[in-house]
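Take a look at the following structure, please.
The values are calculated or read from the model by the stated rules, or taken from the named source; none is laboratory data. The model shown is predicted, which means the values in this text are computed figures rather than measured ones. All Cβ positions, glycine included, derive from the backbone under ideal geometry; neighbour counts span all protein chains shown. Heads up: the accessible areas ignore ligands, DNA and RNA and are worked out on the full protein's heavy atoms, side chains in. Shrake-Rupley method; radii C 1.70, N 1.55, O 1.52, S 1.80 Å.
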Amino acid sequence: MSSNPGQMNPQVDQARQMFLSLSLGRRVALVGAVVGLIDSFLHWYSVSIAGYGGASENGWHGWGLLAVLLLIASGVVAIFPLMGIRTVRGLIPTLPPVVTDSMVLMGAGVIAVLAVILFIATEGPSGSAAGISYGPSFGAYIGLICGIAVAAGGYLMRSEPAA
């Protein structure tokens, strides 16, 4: 790091420039995907027993696993221009012309949201009794927001010029 607080580290500046070179939709989707990956390691479902501690489950279980994998794939699609890949069809040429990066991100985001909702619904309801509390935790709700962000990024890409 440089001694002048106003100057950035060259690697940080290069990463910032690469991020800013992406379209707004890709940036929104990428942020949703990265935050979703980090969030996947947080508590998605928790059980707490007064005086004895508790246990929790992260997003890498049940329907959460599908959501996490879709968020990771969305992050990869979002950075295609940085990898020299123009579109998803540049990677898979046999896809029909109607399949665009925008459509892939919107679809992955919506399916991730549905997977998080299914995670919340199938892991068990919230409740408490006799010093025991249980239910979906903050990580699941952050995952829901991340899926919405990826879908929103894909939606924003619809009106952006093609890469």
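Suppose we filter segment 119-144 for residues that are open to solvent by 70 Å² or more (accessible area, probe 1.4 Å) and out of contact with any strand residue (DSSP E or B) (no Cβ under 6 Å at 6 or more places or on another chain); how many remain?
7
Further, regarding this structure: So which of Val110, Val104, Val77 ends up being within 24 Å of Phe138 (Cβ to Cβ) and in a helix (DSSP H, G or I)?
Working: Val104 fails: within 24 Å of Phe138 (Cβ to Cβ); Val77 fails: within 24 Å of Phe138 (Cβ to Cβ).
So the residue among Val110, Val104, Val77 that is within 24 Å of Phe138 (Cβ to Cβ) and in a helix (DSSP H, G or I) is Val110.
Look at Gly153 and say whether it is over 20 Å from Val28 (Cβ atoms) and either exposed (fewer than 14 other Cβ atoms within 10 Å of the Cβ) or at pLDDT 90 or above (or both).
no
Given the options Gly135, Gly109, name the one that is small (Gly, Ala, Ser) and within 14 Å of Gly32 (Cβ to Cβ). Quick ask: steps written out before the conclusion?
Numbers: Gly135 fails: within 14 Å of Gly32 (Cβ to Cβ).
Checking each option against the conditions leaves just Gly109.
Please go through segment 47-74 and give me each residue that is among the small types (Gly, Ala, Ser) and either open to solvent by less than 30 Å² (accessible area, probe 1.4 Å) or in a loop (DSSP other than H, G, I, E, B) (or both), ordered by number. Spell out the reasoning first.
Here is the first cut: in segment 47-74, the ones among the small types (Gly, Ala, Ser) are 48, 50-51, 53-56, 59, 62, 64, 67, 73-74.
Matches in segment 47-74: Ala50, Gly51, Gly59, Gly64, Ala67, Ser74.
Would it be correct to say that Gly109 is under 14 Å from Val68 (Cα atoms), open to solvent by less than 40 Å² (accessible area, probe 1.4 Å) and out of contact with any Cys (no Cβ under 6 Å at 6 or more places or on another chain)? Break it down stepwise before answering.
Working: under 14 Å from Val68 (Cα atoms): yes; open to solvent by less than 40 Å² (accessible area, probe 1.4 Å): yes; out of contact with any Cys (no Cβ under 6 Å at 6 or more places or on another chain): yes.
Judged against the criteria, Gly109 is a match.
Ok, one more. For Leu91, work out the one condition from (1) farther than 20 Å from Ile111 by Cα; (2) crowded, with 16+ Cβ neighbours inside 10 Å it doesn't fulfil.
Unmet for Leu91, out of (1) farther than 20 Å from Ile111 by Cα; (2) crowded, with 16+ Cβ neighbours inside 10 Å: (2).
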